[in-house]
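One structure follows; several queries about it will come next.
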Amino acid sequence: MSPDVNKLTVKDYKTDLKPVWCPGCGDYGVLNALYRAMAELQLEPWNTVVLSGIGCSSRLPGYVATYGFNSIHGRALALATGVKTARPELHVIAVGGDGDGMAIGGNHFMHSCRRNLDVTYILMDNEIYGLTKGQTAPTTPTGDKTKSSYYGNPEPAVDPVELAISVGATWVARGYSGDMKTLTKLITQAIEHKGFAFLNVISPCVTFRGDHQFKEIKEKLRYLPEDHDATDRTAALRYVREKDVVTTGVLYRVEEPTLGDRLEHIRMVAQGDGEPPTTQEIINHFMPLS
Ligand SMILES: Cc1ncc(C[n+]2csc(CCOP(=O)(O)OP(=O)(O)O)c2C)c(N)n1
Ligand code: SF4
Ligand SMILES: [Mg+2]
């Protein structure tokens, strides 16, 4: 059988830019898994947008041959909200780091989750600010020494997965950049999900967290058991809160109306019988008397 010349392959999703990440950086694993997931789904590059903020991880849109924007720090999801609302037919994928998403962008994260914005958000969590050379991030474990916490990080860390489940994301998973096979499957499922799909990828920064990270994380890794009920929020949170173990897989998944569905509903109600609504009808709709 002759090969299908119209089929997109991993090569078709690569740009001419060579990634400038340090040798051994976990972000290479995320990028490669994303290429594979896109090829698996035959995602049309001309109907796909990859958005990011600022950080080492946020360089990723430049390496993917879709529309894209390496924007400003913490604002990947603000952009994603605008793009998806204006062009609901596009696949919108936001990416970035733990500093970008949990510190300066924490506000956008929370509200994107609760609105159930129909986008995929991949957080490359290295527990540090990599680009600015190793300061403490919201995901840095308590007590760890960094460039900005010589005596150890005095703050409790946030778990992005726990936060996402708590504030209303409808698909939440944890992956590891050193496990290409599982990560590719997770990214594929995240893109397929209708609603806010949040994938937290443990993606070591070998330069500012040390290259021992890969070994340490590997020892803690577990897969979710096959009988895990992903619609059970309490069960999902139990796995998230485990000590000394890192469980990967789809922890939580439910179907809910998206922000786009709700906006479309409002549009239809406002249009009524096709005639533009009168001012009084608009007032009655938004401020009913009873
Ligand atoms: C408004 C603003 N504040 C601060 C910075 C400086 N800055 C750039 S990237 C970054 C943090 C990067 O960390 P993270 O998002 O975890 O990405 P990583 O480099 O680790 O992949 C900071 C603080 C900035 N560019 N803009
Ligand atoms: S500094 Fe860290 S996060 Fe940035 S490219 Fe190097 S290894 Fe990766
Ligand atoms: Mg980081």
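With a 10 Å radius around each residue's Cβ, average the other Cβ atoms per peptide and rank 184-193, 115-124, highest first.
On the way: 184-193: 20.9, 115-124: 26.2.
Highest to lowest by the protection proxy: 115-124, 184-193.
Just going by the charge dipole of segment 1-49, with Lys and Arg at +1 and Asp and Glu at -1 on Cβ, which of V30, V20, P45 is farthest out on the positive end?
Going by the Cα projections, it comes out as V20.
Using only protein heavy atoms and a 1.4 Å probe, report how much of R36 is accessible, in Å² to the nearest 10.
R36 exposes around 120 Å² with every protein chain in place.
Calculated FRET efficiency, E89 and E281, Cβ-Cβ r, R0 41 Å, to nearest 0.05?
Numbers: r = 29 Å, r/R0 = 0.71.
Efficiency at R0 = 41 Å is approximately 0.90.
Please work out the FRET efficiency for the pair E226 and L17, using the Cβ-Cβ distance as r and a Förster radius of 35 Å; give the result to the nearest 0.05.
Efficiency at R0 = 35 Å is approximately 0.35.
To the nearest 500 deg cm²/dmol, what mean residue ellipticity at 222 nm is calculated for the chain from DSSP H runs of n ≥ 4 alone, each contributing -39,500 (n - 2.57), summed and divided by the residues?
Details: 9 runs with 93 residues, N = 290.
Mean residue ellipticity, 222 nm, calculated: -9500 deg cm²/dmol.
Taking the chain as a Gaussian network, Cα atoms linked when under 10 Å apart, which of S148, S177, S203 shows the biggest mean-square fluctuation?
Fluctuation is largest for S148.
Students often check this: by mean Cβ neighbours within 10 Å, which of 234-240, 247-253, 5-11 ranks highest, and how do the rest follow? Could the numbers behind the result be given before it?
Details: 234-240: 16.6, 247-253: 21.3, 5-11: 10.4.
In descending order of packing, they fall as 247-253, 234-240, 5-11.
Leaving ligands, DNA and RNA out of it, work out the accessible area of Y223 with a 1.4 Å probe and give it in Å² to the nearest 10.
The value for Y223 is about 150 Å².
If you average 1/r across every pair of different Cα atoms in segment 33-87 and take the reciprocal, what Kirkwood value do you get, in Å? Please report the intermediate quantities before stating the final value.
Values: mean 1/r = 0.0855 Å⁻¹.
Final number for the Kirkwood radius of segment 33-87 is 11.7 Å.
Carbon and sulfur atoms: what percent of the 1.4 Å accessible area of the chain do they account for? Provide the component values of the computation, followed by the final result.
Working: 8480 of 15300 Å².
Carbon and sulfur atoms account for 55 percent of the accessible area of the chain.
Tally Lys and Arg at +1 and Asp and Glu at -1 over the other residues with C-beta under 11 Å from the C-beta of P160: what net charge comes out? It would help to have the intermediate numbers written out before the result.
Numbers: positive: R174; negative: D98, D125, E127, D159, E162.
So the environment of P160 carries a net charge of -4.
I would also like to ask the following. Per 10 Å bin, what percent of the C-alpha pairs of segment 1-52 does each bin hold, from zero upward?
Histogramming segment 1-52 at 10 Å steps yields 20, 50, 24, 6, 0 percent.
Distance between the C-alpha centers of segment 113-163 and segment 36-75? Whole Å please.
21
Moving on. Less than 29 Å apart at the alpha-carbon level, and either on another chain or at least 8 residues along: which lysines does that give for K7?
Hits, sequence-local ones excluded: K18, K84, K181, K185, K194.
Let me ask something else. Give the percent of DSSP beta bridges with both residues in the chain that are antiparallel, rounded to the nearest 5.
Details: 7 of 36 bridges.
Here the share of antiparallel DSSP bridges comes out near 20 percent.
Something else now. Per residue, what accessible area does the chain have, given a 1.4 Å probe and all protein chains present, in Å²? It would help to have the intermediate numbers written out before the result.
Numbers: 15300 Å² over 290 residues.
Result: 53 Å² per residue.
Would you please give the FRET efficiency between T9 and Y150, computed as 1/(1 + (r/R0)^6) with r the Cβ-Cβ distance and R0 = 51 Å, to the nearest 0.05?
On the way: r = 48 Å, r/R0 = 0.94.
Between T9 and Y150 the formula returns 0.60.
So what's the convex hull volume per residue for the Cα atoms of segment 1-155, in Å³?
Values: hull volume 19.7 nm³, N = 155.
That works out to 127 Å³ per residue.
If you don't mind, another one. With labels modelled as points extended 7 Å from the Cα through the Cβ direction, what inter-label distance (nm, one decimal) is found for L289 paired with V254?
Reported label-point gap for L289 and V254 is 3.7 nm.
Can you give the convex hull volume of the alpha carbon atoms of segment 190-290 per residue, in Å³? Walk me through the intermediate numbers first.
Working: hull volume 21.9 nm³, N = 101.
Here the figure is 217 Å³ per residue.
Now for a separate question. So what is Rg over Rh here for the chain, counting just Cα atoms and using Kirkwood for Rh? Present the calculation step by step, with values, prior to reporting the outcome.
Details: Rg = 20.3 Å, Rh = 20.0 Å.
Here Rg/Rh amounts to 1.01.
To the nearest 20 debye, what is the magnitude of the charge dipole of the chain about its Cα centre, counting +1 on the Cβ of each Lys and Arg and -1 on the Cβ of each Asp and Glu? Present the calculation step by step, with values, prior to reporting the outcome.
Values: 30 positive and 34 negative charges, 170 e Å.
Taking the Cα centre of the chain as origin, the dipole is about 820 debye.
What figure, in Å² to the nearest 10, do you get for the accessible area of E275 with a 1.4 Å probe and non-protein molecules left out?
120
The values are calculated or read from the model by the stated rules, or taken from the named source; none is laboratory data. Because the structure is a prediction, the values reported are computed rather than measured. Backbone-built Cβ (ideal geometry, glycine too); neighbour counts: all protein chains shown. In case anyone asks, the SASA skips ligands and DNA or RNA and just uses the protein heavy atoms, side chains included. Shrake-Rupley method; radii C 1.70, N 1.55, O 1.52, S 1.80 Å.
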